[in-house]
1. Mind listing just one residue for me: the one in the range 197-216 that is of a type outside the set (Val, Ile, Thr), in a strand (DSSP E or B) and in contact with a Lys or Arg (Cβ under 8 Å, 6 or more places away or on another chain) and, of those, farthest from residue 95 (Cα to Cα)?
2. Can you name every residue in the range 168-196 that is in a loop (DSSP other than H, G, I, E, B) and either of a type outside the set (Asp, Glu) or in contact with a Lys or Arg (Cβ under 8 Å, 6 or more places away or on another chain) (or both)?
3. So residue 213 passes all but one of these: (1) free of Cβ contacts under 8 Å to residues at least 24 places away in the same chain; (2) closer than 21 Å to residue 87 by Cβ; (3) among the aliphatic types (A, V, I, L, M). Which condition number does it fail?
4. Which condition number does residue 194 fail, the rest of (1) farther than 24 Å from residue 89 by Cα; (2) touching a strand residue (DSSP E or B) at 6+ places or on another chain (Cβ under 7 Å) being met?
5. For the range 80-99, what are the residues that are at pLDDT below 95, among the hydrophobic types (A, V, I, L, M, F, W, C) and surrounded by 14 or more Cβ atoms within 10 Å (Cβ to Cβ)?
6. Out of 133, 162, 102, which single residue is crowded, with 17+ Cβ neighbours inside 10 Å and assigned to a strand (DSSP E or B)?
7. Can you give me the number of residues within the range 192-216 that are under 27 Å from the mean Cα position of the chain (by Cα) and surrounded by fewer than 20 Cβ atoms within 10 Å (Cβ to Cβ)?
8. Quick check on my filter: what residues within the range 165-191 are free of Cβ contacts under 8 Å to residues at least 24 places away in the same chain and surrounded by fewer than 15 Cβ atoms within 10 Å (Cβ to Cβ)?
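The values are calculated or read from the model by the stated rules, or taken from the named source; none is laboratory data. Keep in mind that this is a model prediction, so the values were computed, not measured. Cβ sites come from the backbone with ideal geometry, for glycine too, and all protein chains shown count toward neighbours.
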Amino acid sequence: MKKHLLSLFAAAALLSACNDLKKPEEKDQPQEATNDTAVVYRNGETAGEAANDAVDATKDAANKVASATENAWDMTKAKLADVKYEEIDLPEVSVRSDDNYSVYGLEEKVLFDTDKAVIKPSATRALSEIGASIARRYKGADVRIMGFADSRGDKSYNKELSEQRAEAVRNWLQQNVHIEASRLSVEPMGESAPVASNSTAAGRQENRRVEIAVKR
């Protein structure tokens, strides 16, 4: 009887030793799950939880796309007509408007020297008129400053310069007209959306501009 018990103990010890001889990596591998059992990985997350995280990540990405679409200013489809505001009497300031947007336009030569992004002192009056008009008609509305360039030169340079110019105008409006920073945004357009032909000097000059758009 004692021999029989000793044999059982020896077999159990041998089985335990065999289990211990498994490769370490085999011990840590997740076991196959049955229909009613979830697999738990090293970080403690089950397969179901991992799937839920993936779904949440997809939803977050979709929400970001929806938010960007909602915040987009689609003036490509808008038919803006020229309008006259009594407070704008400078010929170098153009104004166009529809039910959704009003856009104040200034050519490059009014605001900047060639290839520069520093506002000229002579541009103060035009920007002041625009700022006063926005304060009078669109108090609290969002304002977007868009910089444009002609098609000469490198595209990336044109976009960078148009962004610097738009930022210069934004900063001026914030500091001198006291439009809240939260209402101001910048959109560098570069050489996109030309209003005239880039094949002539006159057309290129029209394309080099800054537009200050107000969303009603």
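1. Selected residue: 215.
2. Scanning the range 168-196 gives 178, 179, 191, 192, 193, 194, 195, 196.
3. (1)
4. So residue 194 meets the others, but not (2).
5. Correct list: 80 only.
6. 102
7. Counting residues in the range 192-216 that are under 27 Å from the mean Cα position of the chain (by Cα) and surrounded by fewer than 20 Cβ atoms within 10 Å (Cβ to Cβ) gives 6.
8. Matches in the range 165-191: 175, 178, 180, 181, 182.
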